[in-house]
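J.: Structure incoming, see below.
No value in this document is a laboratory result; all are computed from the given coordinates. Source: prediction; values computed, not measured. No Cβ is skipped: glycine too gets one built from the backbone with ideal geometry, and neighbour counts run over all protein chains shown.
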Amino acid sequence: MLLEYSRYARSVPTALAVRGLAKRYGSVEALKGVDLEVGEGELVGLLGPNGAGKSTLVKIAVGLVRPSGGEAEVAGARAGSKAARSALGYLAELFRFPGWYTADEVLELHQRLSGSRGGAAERRRLLELVALADAAGRRVDGMSKGMQQRLGVAQALVGEPRVLLLDEPTSALDPVGRRTVRLLLEELRGRGISVLLNSHLLSEVELVCDRVAILLGGELVAAGTPTELSRPRGVELETDEGVRRFDGALREDAPRLVAEAVAAGRHVYGVRVLTSTLEDVYLEAVGEETD
């Protein structure tokens, strides 16, 4: 199930790369030689149960943690260096903004911290992107969790970074809010911005990500596009006798199965080729591990 990431990277410039990445905390190996690349303008979903090594990988890429072995690069610069930090936007899972700040003041603070010269125009544009244009003057402590989450995405975009690391950016959002963030991520991909998305919402990852990487016990156990990772599960025919499933049948078998049903005098109302979902792939990869 582990597909080669370099196959894609050869044709797409690399925005984020980790090679042989290892991290040990005492006797605990959080990462055991992970190789992972994110191409320019690519959305990659990072999945795995708690303790799989996802947060450690992200913290190394941000420069908050030093690896025990291997290397991590952001836009060709060593992770943690000034050049890497200037190319990177980051939203932590457990972030918190000063409650007395307005949305506009939060972004202004992060402009100063990052050295962005975008000014008021950049702040307006970012608030519009995350559907908070009407909340520029609202204090953080007067916002819903969903609004704060979208503000967090906006601050990650201050300074027009080339690479975004987002840790559970839709965890506090309702379906409308998740759709807003999903559309935003698709727009960012269209602008050539690369995203590594750490999320437990498999349906969201399946909808928006170009590729998926699954970590377990500090190792990369599955990687590829959702289509590459899927498995055929058979074909379903709906006829006047009901729904019948042909386990093991492939897409190529569907026309024959329909023809046979018609020849047998059945009225065929529908045919569906069954494939495994990302949830199926995830559960197969992590086995009995739970979050």
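J.: Which one, A254, A22, A30, has the greatest fluctuation when you compute a Gaussian network model over the chain with C-alpha springs under 10 angstrom?
T.: A254
J.: Which of L184, L215, L47 ends up with the largest GNM mean-square fluctuation for the chain, with Cα atoms connected below 10 Å?
T.: L184
J.: Oh, and also: Most fluctuating residue of A136, A249, A259 in a GNM of the chain with Cα springs under 10 Å: which is it?
T.: Between A136, A249, A259, it is A259 that shows the largest mean-square fluctuation.
J.: Note the listed values (1) 1.08; (2) 0.97; (3) 1.06, then indicate which one is Rg/Rh (Cα atoms, Kirkwood Rh) calculated from this particular structure.
T.: Computing Rg/Rh (Cα atoms, Kirkwood Rh) and matching it to (1) 1.08; (2) 0.97; (3) 1.06 gives (3).
J.: Once each part is reduced to its C-alpha centroid, what is the distance from segment 27-51 to segment 233-287 in angstrom?
T.: A separation of 34 Å, based on Cα centres.
J.: Hey, another quick one. Could you check what % of the DSSP bridge pairs in the chain are antiparallel, to the nearest 5?
T.: 65
J.: Within segment 262-284, name every residue whose backbone N is under 16 Å away from a label modeled 7 Å from Cα of T227 along the Cβ vector.
T.: It comes to 273-278, nothing else.
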